[in-house]
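Visitor: Dropping the structure in here first, questions after.
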Amino acid sequence: MLTPAFWWKRKGLTALLLAPLGLVYGALTARRMHRPGGTEPPLPLVCVGNFVAGGAGKTPTAIALAHSARSVGLDPCFLTRGHGGRLKGPVLVNVERHTARDVGDEALLLARIAPTVVAQRRADGFALLRATGTDLCIMDDGFQNPSVKKTFSFVVVDGAVGVGNGLPLPAGPLRAPLRRQMLLADAIIIYGDSKNGQRVIRTAARAGKPIFRAALIANAPPAPPHRRLYAFAGIGRPEKFFRSLEDEGYRLAARRAFSDHYPYRFSDLTRLLDEADALDAVPVTTEKDAVRLPRGIVGSNWSRSRVAIFGVHTRFSEEHAVGSLLLDIRRRWMARHFS
């Protein structure tokens, strides 16, 4: 689904009408989050989650954390439920054999970096995690899920939108009241610096949570600077992708938004290419979308190579501090379990 526009604005009529439902949903989610128990993982498990529904940058953050872990001598792996994939798992992702339809787009991106286990019931993947021989697990998403014990939880915040109107689903984007969720967060990673992110920063500071700054950096130009772009994306917040292209100085001839994890069909892509050709624009999409694009077929003008990919990576402002923290998480886990 595409996130409703009213979630990210001041409380309007729609949000106020849905607020009673939001109070109930938020209270139930918060109670579930604080439920004791959860299966103990076989290695330290670092969760990368968010407070809201919709894209906040969890996957690039998880990848950046894996790089930070390696920089201090750790050997990380990933755990994800494989949203959008047909396999319930547990399965160790093979990038040569599995497709996005099998394991989801996020799992394929993660598996390019480190061993990645997909398990719809995350605890079912613990045996495979142990078999990877790694020493730190980074779990993409699952902050609100109490089924597994988390050693440490990073919560990712897009500072451009913060927590939107501050209401729980369906009145707003929050999965539970902010203060209740903040109690279970161990650290906040915030992208960008705007007024919308200040509320989260203030709440985190009052709760004594460390705050790490991060930025999304473009990997490479998707097209020559003089070319107009035909941008399309099926992610949590496509407008974030469109804004990033404009921030890089590109003019967008058109923009097409699809639902999150949208399974592209040949008919979708041939139509997109025809429209881009008519506008003399370069079709461009995200890395997450790219792994969901169908391959070329005989007799069709569609080919993956015709679409430019705008890739980004996360850069932490306090890179050394993040690596040191991950190393400390591993050491404390080892001391707790083997002392």
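The values are calculated or read from the model by the stated rules, or taken from the named source; none is laboratory data. All of these numbers come straight from a predicted model, not from anything done at the bench. Note: ideal-geometry Cβ built from the backbone for every residue, glycine included; neighbour counts use all protein chains shown. Areas reflect the complete protein model, heavy atoms only, side chains present, ligands, DNA and RNA absent. Shrake-Rupley method; radii C 1.70, N 1.55, O 1.52, S 1.80 Å.
Visitor: For segment 171-179, check the following and say yes or no: at least one residue is free of Cβ contacts under 8 Å to residues at least 40 places away in the same chain, open to solvent by 40 Å² or more (accessible area, probe 1.4 Å) and either closer than 17 Å to Asn50 by Cβ or basic (Lys, Arg) (or both).
Guide: Taking every residue of segment 171-179 in turn, at least one turns out to be free of Cβ contacts under 8 Å to residues at least 40 places away in the same chain, open to solvent by 40 Å² or more (accessible area, probe 1.4 Å) and either closer than 17 Å to Asn50 by Cβ or basic (Lys, Arg) (or both).
Visitor: Looking only at segment 232-279, count how many residues are within 19 Å of Arg101 (Cα to Cα) and either crowded, with 18+ Cβ neighbours inside 10 Å or within 21 Å of the chain's Cα centre (by Cα) (or both).
Guide: Counting residues in segment 232-279 that are within 19 Å of Arg101 (Cα to Cα) and either crowded, with 18+ Cβ neighbours inside 10 Å or within 21 Å of the chain's Cα centre (by Cα) (or both) gives 13.
Visitor: Pick from Val72, Val91, Val48: which is within 22 Å of Lys150 (Cα to Cα), crowded, with 22+ Cβ neighbours inside 10 Å and among the β-branched types (Val, Ile, Thr)?
Guide: Val48 is the lone residue from the list that is within 22 Å of Lys150 (Cα to Cα), crowded, with 22+ Cβ neighbours inside 10 Å and among the β-branched types (Val, Ile, Thr).
Visitor: A further question on this structure: Of everything in segment 12-25, what is in contact with a helix residue (DSSP H, G or I) (Cβ under 8 Å, 6 or more places away or on another chain) and either open to solvent by 50 Å² or more (accessible area, probe 1.4 Å) or over 23 Å from Lys195 (Cβ atoms) (or both)? Give them in sequence order.
Guide: If the condition is that a residue be in contact with a helix residue (DSSP H, G or I) (Cβ under 8 Å, 6 or more places away or on another chain) and either open to solvent by 50 Å² or more (accessible area, probe 1.4 Å) or over 23 Å from Lys195 (Cβ atoms) (or both), then Thr14 is the only one that fits.
Visitor: Show me the strands (runs of 3 or more DSSP E) found entirely inside segment 74-149 where at least 1 residues are under 17 Å from Val46 (Cα atoms), in contact (Cβ under 8 Å) with a residue 60 or more places away in the chain and within 19 Å of the chain's Cα centre (by Cα).
Guide: Of the strands (runs of 3 or more DSSP E) lying wholly inside segment 74-149, those with at least 1 residues that are under 17 Å from Val46 (Cα atoms), in contact (Cβ under 8 Å) with a residue 60 or more places away in the chain and within 19 Å of the chain's Cα centre (by Cα) span 76-80, 136-140.
Residues checked against (1) more than 10 Å from the chain's Cα centre (by Cα); (2) assigned to a loop (DSSP other than H, G, I, E, B):
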| position | (1), (2) |
| --- | --- |
| Ala30 | yes, no |
| Pro36 | yes, yes |
| Pro41 | yes, yes |
| Val48 | no, no |
| Ala56 | no, yes |
| Pro60 | no, no |
| Ala64 | yes, no |
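Visitor: Look through Val291, Val312, Val282 and report the one residue that is open to solvent by less than 40 Å² (accessible area, probe 1.4 Å), in contact with a strand residue (DSSP E or B) (Cβ under 6 Å, 6 or more places away or on another chain), among the aliphatic types (A, V, I, L, M) and touching a residue at least 24 places away in the same chain (Cβ under 8 Å).
Guide: Result: Val282 is the single residue among Val291, Val312, Val282 that is open to solvent by less than 40 Å² (accessible area, probe 1.4 Å), in contact with a strand residue (DSSP E or B) (Cβ under 6 Å, 6 or more places away or on another chain), among the aliphatic types (A, V, I, L, M) and touching a residue at least 24 places away in the same chain (Cβ under 8 Å).
Visitor: Looking at (1) surrounded by fewer than 18 Cβ atoms within 10 Å (Cβ to Cβ); (2) among the hydrophobic types (A, V, I, L, M, F, W, C); (3) under 29 Å from Ala100 (Cβ atoms); (4) touching a strand residue (DSSP E or B) at 6+ places or on another chain (Cβ under 8 Å), which is the only condition Ile211 fails?
Guide: The failed condition is (3).
Visitor: Just give me the residues in segment 150-162 being at pLDDT below 95 and assigned to a loop (DSSP other than H, G, I, E, B), in sequence order.
Guide: Gly159, Ala160, Val161, Gly162
Visitor: State all residues of segment 214-231 that are over 16 Å from the mean Cα position of the chain (by Cα) and surrounded by fewer than 16 Cβ atoms within 10 Å (Cβ to Cβ); if no residue qualifies, say none.
Guide: If the condition is that a residue be over 16 Å from the mean Cα position of the chain (by Cα) and surrounded by fewer than 16 Cβ atoms within 10 Å (Cβ to Cβ), then Ala218, Asn219, Ala220, Pro221, Pro224, Pro225, His226 are the ones that fit.
Visitor: When you check Phe152 against the structure, is it under 30 Å from Trp8 (Cβ atoms) and open to solvent by less than 40 Å² (accessible area, probe 1.4 Å), yes or no?
Guide: In short, yes.
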